[in-house]
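The values are calculated or read from the model by the stated rules, or taken from the named source; none is laboratory data. All of these numbers come straight from a predicted model, not from anything done at the bench. FYI the Cβ positions are ideal-geometry reconstructions off the backbone, even for glycines, and counts take in every protein chain you see. The area values use the complete protein model at the heavy-atom level, side chains included, leaving out ligands, DNA and RNA. Shrake-Rupley method; radii C 1.70, N 1.55, O 1.52, S 1.80 Å.
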Amino acid sequence: LDEDRTLTNSDKACWFYYNRGLANLMLKNFEEAKSNFIQAINCKNNDVAVFFYTLSLANLELGHSREAIDKINAAIEILESGRNQKENENQHPADYYHARGVIYKLKGDYDAALDDLLKAKRMRKQDEKAAPEKERVPSR
């Protein structure tokens, strides 16, 4: 790794908490997952969107839909502001809008759900149009 990409001990701790949170999420230990994601956020200056995204999932599983919306909103804001620390180049705002749309649907806020799901779809279509022809995967 070059000097700019070397993980510091602090970075490693953040990703440790994040990965432990993912494991707890999969094991349905939602309170522990939530705690792990909060620890990851706190040691990373709040600028890793995926930490907020996964925290929103833990909150949703705990039945805390308002908190889930707040955290997914924070993730979207980080991505759109350009502040996201590029730990994961595969992050796409469309995924986050889609997730928020699903949360809104589960809350019964169908208008907000439809708005976000349609926005996610438009973003994906724009990406497809912008992709070079050779990189496009034919749809079935």
Next on the checklist: Looking at (1) at pLDDT 95 or above; (2) closer than 22 Å to G101 by Cβ, which one does V50 not meet, given that it meets all the others?
Outcome noted: (1)
Checklist entry - Taking the condition aliphatic (A, V, I, L, M), in contact with a Leu (Cβ under 8 Å, 6 or more places away or on another chain) and either farther than 21 Å from F30 by Cβ or open to solvent by 40 Å² or more (accessible area, probe 1.4 Å) (or both), does L57 pass? => result yes
Item to check | Top-ranked residue in region 2-35 [being outside any helix (DSSP H, G or I) and either among the polar types (S, T, N, Q) or on the phi < 0 side of the Ramachandran plot (or both); ranked as modelled with the lowest pLDDT] | outcome: D2
Checklist entry - Quick one: what pairs do we get from region 34-49, first residue more than 18 Å from R83 (Cα to Cα) and open to solvent by 40 Å² or more (accessible area, probe 1.4 Å), second modelled with pLDDT of 85 or more and of a type in the set (D, E, K, R), C-beta under 9 Å, 6+ apart or different chains? => result Q39/R20
Item to check | Selection count, region 62-86, where residues are surrounded by 16 or more Cβ atoms within 10 Å (Cβ to Cβ) and either assigned to a helix (DSSP H, G or I) or among the small types (G, A, S) (or both) | outcome: 11
Checklist outcome for this item: Residue pairs within 9 Å by beta carbon, gap of at least six or interchain, first lying in region 101-128 and modelled with pLDDT under 95 and open to solvent by 100 Å² or more (accessible area, probe 1.4 Å), second among the polar types (S, T, N, Q) and assigned to a helix (DSSP H, G or I), listed first then second, are L106/S65
